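Colleague: Provided herewith is a single structure, encoded as structure tokens, for subsequent inquiry.
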Ligand SMILES: [Zn+2]
């Protein structure tokens, strides 16, 4: 159980409360839960981005660099 300020009047209400006991506004904790959802989607996007970045780095290290070395060494031999 966590208390959040009502988005309409600032009265402390439970995050799961359907109406604010202070002013009667519906879903007073909605703004907070939307922020939590935004944070979760941001973290998922960050994880996906890091995965692509890691895979891209691995691909460059194992695929492009040996190929580049081979290309650079060949004319000398
Ligand atoms: Zn209120």
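Colleague: Connecting C-alpha atoms closer than 10 Å in a GNM of the chain, tell me which of 65, 44, 15 has the biggest fluctuation.
Modeller: 65
Colleague: Still on this structure, please answer the following. Pull out the extension gain between residue 70 and residue 42, defined as 0.36 nm times the separation in residues minus the alpha carbon to alpha carbon distance; nm, one decimal.
Modeller: Taking 0.36 nm per residue and subtracting the Cα distance, the gain is 6.0 nm.
Colleague: Oh, and also: Can you tell me the orientation of helix 30-59 relative to the chain, as the angle in degrees between its alpha-carbon axis and the longest Cα principal axis, to the nearest 10?
Modeller: The angle comes out near 10 degrees.
Colleague: Once the principal axes of the Cα atoms of the chain are found, what is the range along each, listed largest first in whole angstroms?
Modeller: Its Cα atoms span 84, 19, 13 Å along the three principal axes.
Colleague: Provide 37, 7 in ascending order of the number of other Cβ atoms located within 10 Å of each residue's Cβ, fewest first.
Modeller: Listed from fewest to most nearby Cβ atoms, that is 37, 7.
Colleague: A further question follows. Would you mind calculating the relative contact order of the chain from Cα pairs under 8 angstrom and at least 6 residues apart, reporting the percent as a whole number?
Modeller: 17
Here, each number is a calculation from the coordinates, and none is a lab measurement. Bear in mind that the values here come from a model prediction, so they are computed numbers and not experimental data. Every residue, glycine as well, gets a Cβ built from its backbone with ideal geometry; the counts of neighbours run over all protein chains shown.
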